[in-house]
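For reference, the structure is listed below as C-alpha cells.
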Amino acid sequence: MDSTGYGTNKYESWFDIRTGEDSKRKRYKKSHMIVGYWFKGILSHEITPGHWHDSPIYPLLIEKLPAGDYEGISGDNSYCSRYNCTLTQAMGMKPFFKPREDATANAKSSSAWHKMIRLWKDNKKLFDNEYHRRSVIEAVIGAEKQRLGHTLFSKRDDLQDKELRLKNICYNLLVLNKMKASFLLGEPLLNPVEKAS
C-alpha cells in the first residue's frame, strides 16, 4: 500500500514564514491504494486532498478490500501505528509496516504491534523480504502515471475525484487485458519479478 499525488490546474495560497510573503502553489489530490502482489491491480482505493496524512486513511482502505485470503500487508512508515497493526491482525493479515528506528516493542494493548516490532528487531532479513513486497505498488504507480498521465484536468473537486477513480479503473482494465492476452498466447501470467542475483 502507498499513496501518490496527482497535480491539478488549481492553485492555493499560503503564507511562507521564511520569506514573510503570501505564495501560491499548485493544489494536488492524493490517491491512496492497496495493490495485489500477484494480480498487480488496484484492490482498494481512496482519494483525499494532498495535505492529508496516510495513516488515518488506512482503515477506509482495508475496509474496502475485496474478500480474499491475504497473507500480509506492507506499507511505509507513514502507515505504521499500533491501531493499524491491530486492525490488520483483526482482518486476518500480518502487518509489515516500516517502523521508525527508535520504535519500541511496548505493546500498549496491541499484540500485533509487539509481534511486528519483535520480528523487525530479531529477524530483519525476513521482515525486509516481506516489507519489500511493497515495491510492486511503486511499479504500479509508475505504470499508471506513465500510461494515463499524472495530472488531473477537471476543474471541480468532485470531477477530479471521478477522473482519478476512472484512471484506476482504466489501469485495472489494462492489467486484466494483459492477463487475458497472456492466457490466450499460453504465456505465464503476471508473476513477481525475481530478485537480481
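Computed from the coordinates by the stated procedures, all read-outs in this text should not be read as laboratory data. Remember, it's a predicted structure, so these values are computed and weren't measured experimentally. Using ideal geometry, Cβ is built from the backbone for each residue, glycine included, and neighbour counts are taken over all protein chains shown.
Anything in the chain that counts as a DSSP H helix reaching 24 Å or more along its axis (C-alpha) with Kyte-Doolittle mean of at least -1.0? List them, would you? The partial results should precede the final answer.
Numbers: long enough: 157-185 (42 Å, -0.07).
Helices meeting the criterion: 157-185.
Other residues within the sphere of radius under 12 Å centred on the Cβ of L174, judged by their own Cβ, net out at +4 (K and R +1, D and E -1).
Cβ crowding within 10 Å ranks F96, F127, F39 as F39, F127, F96, fewest other Cβ atoms first. DSSP loop (so not H, G, I, E, B), at most 16 other Cβ within 10 Å: list which trypsin sites (Lys or Arg not before Pro) in segment 1-82 pass both filters. Qualifying residues, ordered by number: R18, K64. Here's how it looks for S110: its modeled amide H is under 5 Å from none belonging to a residue 5 or more places away or on a different chain. Take the cross-link list K24/K162; K98/K162; K26/K64 and give me the ones stretching past 28 Å between alpha-carbons. The pairs that break the limit, which is 28 Å between Cα atoms, are K98/K162; K26/K64.
Between the alpha-carbon centres of segment 2-40 and segment 69-135 there is a gap of 27 Å.
With the convex hull of its Cα atoms as the shape, the chain has an orientation-averaged projected area of 14.7 nm². Close amide H partners of K94, meaning residues 5 or more places away or on another chain with modelled amide H under 5 Å apart, are G72, I73. What fraction of the Cα pairs in segment 53-92, stated in percent, has a spacing above 14 angstrom? Tail of the P(r) past 14 Å holds 42 percent of the pairs. Close amide H pairs (under 5 Å, H built 1.01 Å from N) link S44 with I34, residues at least 5 positions away or on another chain.
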